[in-house]
Amino acid sequence: MKQLLLSLFLLSPALIWAQGSQVNTQSQKAVGMAGAGSALFIDESSIVYNPGALVKMDHNAVQIGGSAIMYRSAFREAGSADVHHTKFQISPPFGAYAVFGPKGSWWKAGIGVYTPFGGAVDWGRDWPGRYSLTHLSMRAIYIQPTLSFKITDEFSVGGGFVYNIGLVDLGRALPVFHPDGTAGQATLKGTGTGMGYNIGVHYNLADQFSLSLNYRSQVTTTLEGGDASFDVPSALASSFPNGKFDAELPLPASFNIGLAFPISERVDLALDGSFIGYSIYKELAFDYHTNTPVLEDTRSIKKYENAFSGKAGINYEVNDKLDLRVGAGYVYTPVPAKYVYPETPDNNRMMAAGGLTYRFSPNWSMSAAYVFQKILKRTTTNAETQLRGSYETNIHAPGLSVSYAW
């Protein structure tokens, strides 16, 4: 019983930062090409995708935008015909950017506030995995001041300091029961902070091609004094005291290379590939301020693997006011089968996207995009909880951004 209770609610909070909760919607132009375009698009969102490209903007600008991520997952337990679905929820990652500096200068500055990780899922309290998870809401908010410098007309570099504010709220049922037969419930809430950096190099050869190299560092978010609360029968209250906990939630580093080149006068092709360092998930450690014979500090082996993704997109300039886009991508999961949890029932995924930009005037423009992600079906037995069954997940993400340039 002791080992079961520990595995049910102490081992998985940091798993929410894994591939299933990575958000790649910082630019609606890139979303419309399934995440490609780091070498092609030079605008305010270059703060995220390549700070080195920022100085090549020929204007100053502000931009605000967001997406409505709708995450729907289904689970069928092994040996059962019943299918359990997550409840409908919308998670709204956002991005806000400001870029300023003298026109034609060798430098440019900017600041971005954006959400690179986040999500929400609610399985309810009646599904077979309720002792692993009932609900989850999380968000990582990055604040990034940035500087970019032009070395030559073709070659530029840039970088930014990243400060992260991470918020998490998760719940799970406990295998202890009130007199009316309802299961107990554990809820963990907390806010953490971390620091990192984002650097980039951009090179373009006239109108022939562009090359983007970008490295985003690991950000270890330290969560201190999180709130752990337990709804259990009164006879067990002393074994499950409400209290505080500490943890470290690592966000992985990534290296991205992008290439863009024209295939006709009005059509550009963009290719992006990313290496994501998920192997930092070697173990997870949790420190509860108040321990009991049941509620003890714990460590858990995870052994995540590094992951890769490839994306391609086409940008078609219809006229001076309208651009249209399409894109597709494939992402390899970092999560070994035996470590799949309902927070992120991850597997390899396919993406398809479309989008547009419309310029109302020389100052105002709007970009809209939609991306669909299909996480391939996965049947697995979790090493900690022994939950065995099949997951299928679809993600829909429409988005919109507005820019003002001067």
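The length gained by stretching the chain between Phe88 and Thr191 to full extension, at 0.36 nm per residue less their Cα-Cα distance, is 34.6 nm.
Of Asp246, Asp82, the residue with the largest accessible area leads and the full order is Asp82, Asp246 (1.4 Å probe). Each of Ser217, Val294, Leu174 was placed along the dipole of the chain (beta-carbon charges, centred on the mean Cα), and the one lying farthest toward the positive end is Leu174. Averaged over residues, the count of other Cβ atoms within 10 Å places the peptides 124-134, 32-42 in the sequence 32-42, 124-134, highest first. Extension gain for Asp180-Asp320 works out to 43.7 nm (0.36 nm per residue, less the C-alpha to C-alpha distance). Surface composition of the chain: carbon plus sulfur atoms contribute 59% of the solvent-accessible area (1.4 Å probe, protein chains only, all chains present). So which aspartates and glutamates can Lys87 reach, going by Cα to Cα under 15 Å and dropping same-chain residues fewer than 8 places off? Candidates past the 8-residue exclusion: Asp122, Asp126, Glu343, Glu392. Per residue, the solvent-accessible area of the chain (1.4 Å probe, heavy atoms of protein chains only, all protein chains present) comes to 41 Å². For the chain, what does the alpha-carbon gyration tensor say about shape, rounded, prolate or oblate, given a ≥ b ≥ c as the root eigenvalues, a/c under 1.5 as rounded, and a/b over b/c as prolate? Since a/c reaches 1.5 and a/b is larger than b/c, the shape of the chain is classed as prolate. Sorting Arg266, Arg172, Arg378 by accessible area puts them as Arg266, Arg378, Arg172; the probe is 1.4 Å, largest comes first, and only protein heavy atoms count. Farthest toward the positive end of the dipole of the chain, out of Ile64, Ala109, Gly277, is the Cα of Gly277, where the dipole comes from beta carbon charges about the Cα centre. If one computes the Cα centroid of the range 64-111 and of the range 352-406, what distance in Å separates the two points? First find each Cα centre; the distance between them is then 7 Å. Partners of Lys303 within straight-line reach, counting lysines whose Cα lies under 28 Å from its Cα and excluding those fewer than 8 residues away in the same chain: Lys2, Lys189, Lys244, Lys282, Lys311, Lys338, Lys374, Lys377.
Backbone phi angles across the range 104-117, fed through the Karplus curve with coefficients 6.51, -1.76 and 1.60 (θ = phi - 60°), yield HN-Hα couplings of x, 7, 7, 9, 8, 10, x, 9, x, 10, 8, 10, x, 9 Hz in residue order; Gly and Pro are listed as x. Quick one: Debye curve from the C-alpha atoms of the range 322-398, no solvent, what's log10 I(q)/I(0) at q = 0.13, 0.15, 0.25, 0.26 Å⁻¹? Listed by q, the Debye log ratios stand at -0.53, -0.62, -1.08, -1.13. The relative contact order of the chain comes to 20 percent, based on Cα pairs under 8 Å that sit 6 or more residues apart. For the options Ala368, Ala235, Ala109, a Gaussian network treatment of the chain with springs between C-alpha atoms closer than 10 Å singles out Ala235 as fluctuating the most.
Residues Lys103, Lys189, ordered by accessible area of protein heavy atoms at a 1.4 angstrom probe radius and largest first, appear as Lys103, Lys189.
In this structure, Glu296 and Phe155 have a Cβ-Cβ separation that, at R0 = 56 Å, corresponds to a calculated FRET efficiency of about 0.50. When shorter helices are ignored and each DSSP H run of at least 4 residues is given -39500 (n - 2.57), the per-residue value for the chain at 222 nm works out to -1000 deg cm²/dmol. If you average the C-alpha positions of the range 201-262 and of the range 155-188 separately, how far apart do those two centres end up, in angstrom? Each part's Cα centre sits 12 Å from the other's.
The values are calculated or read from the model by the stated rules, or taken from the named source; none is laboratory data. Just so we're clear, the structure is a prediction, and the values are computed from it rather than from any experiment. A quick note on method: Cβ atoms are made from the backbone with ideal geometry, for glycine too, and the neighbour counts reach across all protein chains shown. Heads up: the accessible areas ignore ligands, DNA and RNA and are worked out on the full protein's heavy atoms, side chains in. Shrake-Rupley method; radii C 1.70, N 1.55, O 1.52, S 1.80 Å.
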